[in-house]
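First up is the structure itself, then whatever we jot down about it.
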Amino acid sequence: MVFGKQVRVIQKDMDRYGRVVGMVFVGNICVNEEIIRTGMAWVFDYYCKDSVCPAWKLLEKQAQGARIGLWSQPDPVPPWDYRRVT
């Protein structure tokens with residue numbers, strides 16, 4: 001989706017490690033939204049406080065219901081839980 005393409009990043013925050021937290025666009029397509037729609041990412045409720053978050057949660061639920069992407073796995077583990085046990 002982004003390989004070899006120019007992207008635009010709208011910075012929303014900076015994490016404690018100095019990394020940019022933001023929304024990524026290729027043209028008019030919001031990459032954040034697309035990876036949620038296709039089941040390739042979770043919405044991290046704890047940090048997602050932007051006005052788009054409720055819509056992203058709905059997209060996540062739809063991907064989960066359609067069992068696509070990570071939701072096609074029997075018991076996907078969110079990265080924040082995985083990191084806690086490893």
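The values are calculated or read from the model by the stated rules, or taken from the named source; none is laboratory data. Here the structure is a predicted model, which is why all the values come from computation and not from measurement. In this analysis, Cβ positions are derived from the backbone assuming ideal geometry, glycine residues included, and neighbour counts consider all displayed protein chains.
Lys49 meets each of the listed conditions (1) within 27 Å of Gln6 (Cβ to Cβ); (2) assigned to a loop (DSSP other than H, G, I, E, B); (3) of a type in the set (D, E, K, R) apart from (1). Does Gly39 satisfy the criteria of being within 21 Å of Asp81 (Cα to Cα) and small (Gly, Ala, Ser)? Taking the combined requirement at face value, the residue satisfies it.
Which of the residues that make up region 43-57 are of a type in the set (Phe, Trp, Tyr) and modelled with pLDDT of 95 or more? Steps first, answer last, please.
Of the residues in region 43-57, the ones of a type in the set (Phe, Trp, Tyr) are 44, 46-47, 56.
Correct list: Trp56 only.
Is it the case that Tyr82 is loosely packed, with under 14 Cβ neighbours inside 10 Å and touching an Asp or Glu at 6+ places or on another chain (Cβ under 9 Å)? Against the criterion (loosely packed, with under 14 Cβ neighbours inside 10 Å and touching an Asp or Glu at 6+ places or on another chain (Cβ under 9 Å)), Tyr82 does not qualify.
When Met23 is tested against (1) over 17 Å from Lys5 (Cβ atoms); (2) at pLDDT 95 or above; (3) not in a helix (DSSP H, G or I), just one condition goes unmet, and that condition is (1). Being surrounded by 10 or more Cβ atoms within 10 Å (Cβ to Cβ), farther than 26 Å from Gln64 by Cβ and among the basic types (Lys, Arg) is the filter here, so list the residues in region 6-37 that pass it. Selection gives Arg8 alone.
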